[in-house]
1. Scan the helices (runs of 4 or more DSSP H) fully inside the range 25-110 and keep the ones with 2 or more residues being within 22 Å of Pro5 (Cβ to Cβ) and among the aliphatic types (A, V, I, L, M).
2. May I ask you to list the residues in the range 18-44 that are under 17 Å from Glu77 (Cβ atoms) and either buried (at least 20 other Cβ atoms within 10 Å of the Cβ) or small (Gly, Ala, Ser) (or both)?
3. Give the residues of the range 94-119 that are surrounded by fewer than 19 Cβ atoms within 10 Å (Cβ to Cβ), among the small types (Gly, Ala, Ser) and either on the phi > 0 side of the Ramachandran plot or touching a residue at least 24 places away in the same chain (Cβ under 8 Å) (or both), sorted by residue number.
4. Against the conditions (1) touching a Ser or Thr at 6+ places or on another chain (Cβ under 6 Å); (2) within 19 Å of Glu20 (Cα to Cα); (3) not hydroxyl-bearing (Ser, Thr, Tyr), where does Val61 fall short? Just the number, please.
5. Being small (Gly, Ala, Ser), in contact with a Pro (Cβ under 9 Å, 6 or more places away or on another chain) and without any contact (Cβ under 8 Å) to a residue 60 or more places away in the chain narrows it down to one of Gly28, Gly21, Gly55, so name that one.
Amino acid sequence: MSNVPTQLKYLQSHEWLRDEGDGSVTIGITDHAQALLGDLVFVELPELGNKLQAGHECAVVESVKSASDVYSPVSGEVIAINELLVDAPETVNTDPYGAGWLCRVRLSADNDLAGLLDATSYTALLAEESH
């Protein structure tokens, strides 16, 4: 079973979000997503200052198997990107919830984090997918 930290929020498309408590969030892909993709060889990050729309593509991760779009769980402005991933994309495989984060976003006023999945709901989704 995949690692699903309880303090994070999730999308059905296997992205995670951590509320930083200062009007910003950190976004990445879940342990389940990185396991499905396999060894990552490239990560295309958004540019600083980009305006993201909830539910729209914000990054791309490529593995030896395939490329996959990463969707933003929220709307807002990109205020940080994980430069480490440019030279070490495999960090997402080894530490998807820590050093493998993708970007940090300053939330726009209209975001509703309550609409995202909690760890229990995401774990149930993973169980459904495995059947």
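1. 31-37, 84-87
2. Gly23, Ser24, Val25, Ile27
3. Of everything in the range 94-119, those that are surrounded by fewer than 19 Cβ atoms within 10 Å (Cβ to Cβ), among the small types (Gly, Ala, Ser) and either on the phi > 0 side of the Ramachandran plot or touching a residue at least 24 places away in the same chain (Cβ under 8 Å) (or both) turn out to be Ser108, Ala119.
4. Failing condition for Val61: (2).
5. Gly55
No lab work stands behind these numbers, since they all come straight from the coordinates. Since this is a predicted model, take the numbers as computed values, not measurements. Positions of Cβ are backbone-derived with ideal geometry, glycine not excepted, and every protein chain shown enters the neighbour counts.
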